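Q: First the structure, then my questions, so here it is.
What follows draws every value from the coordinates through simple rules; no lab data is involved. Here the structure is a predicted model, which is why all the values come from computation and not from measurement. With ideal geometry, Cβ positions are generated from the backbone for all residues, glycine too; neighbour counts draw on all protein chains shown.
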Ligand SMILES: [Zn+2]
């Protein structure tokens, strides 16, 4: 289960809407790996694509160093689907290497139902998990 503050969820949704129709991507960061995300780190989609995303390696390294220094951890990787439902693509499954990280997908399709879903991926096996919304800020 992914526990997420509504303010964090809203910041992620805003990023997805802002980058539409290009896929948005980024990280949800917290103090404990696999724990509660406390902030959104929007990343540039280096693929600049409507149906794929990749992190810019230099930007990712910078964030990684910042997390290393602050002691914070990547809780989730999020990205948007701008022309499909919020379910992992084949590429998404291949990309998901760490079974401890939540993979959150936001669909910006007007008829997406639901618009946000969270998954764990373990050696290619996709398991959806529930999202529990915590009201208020982080
Ligand atoms: Zn995807």
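Q: Can you pull the one-decimal nm distance between simple spin-label points at residue 100 and residue 39, each 7 Å off the Cα toward Cβ?
A: Distance between label points: 2.1 nm.
Q: For a quick check, take a GNM of the chain with Cα springs below 10 Å and name the residue from 70, 47, 84 with the largest mean-square fluctuation.
A: For the chain, modelled as a Gaussian network with Cα springs under 10 Å, the answer is 70.
Q: By how many nm would the segment from residue 59 to residue 127 lengthen if fully extended, with 0.36 nm per residue of separation less the alpha-carbon distance? Show your work: numbers first, answer last.
A: Details: separation 68, 0.36 × 68 = 24.48 nm, distance 2.90 nm.
This chain segment gains 21.6 nm when fully extended.
Q: In the P(r) worked out for the chain, what percent of Cα pairs fall beyond 17 Å? Could you put the intermediate results ahead of the total?
A: On the way: 5331 of 9453 pairs.
Of all Cα-Cα distances in the chain, 56 percent exceed 17 Å.
Q: Run through the DSSP bridge list for the range 1-117 and note the antiparallel percent, rounded to the nearest 5.
A: Details: 14 of 20 bridges.
Just about 70 percent of them are antiparallel.
Q: Using 0.36 nm per residue, how much length does the chain from residue 1 to residue 69 gain when fully extended, once their Cα-Cα distance is taken away?
A: The residue 1-residue 69 span can extend by a further 21.7 nm.
Q: Compute the length gained on full extension between residue 31 and residue 14: take 0.36 nm times their separation in residues and subtract their Cα-Cα distance, giving the result in nm to one decimal. Working shown, then result.
A: On the way: separation 17, 0.36 × 17 = 6.12 nm, distance 2.29 nm.
Fully extending the segment from residue 31 to residue 14 adds 3.8 nm.
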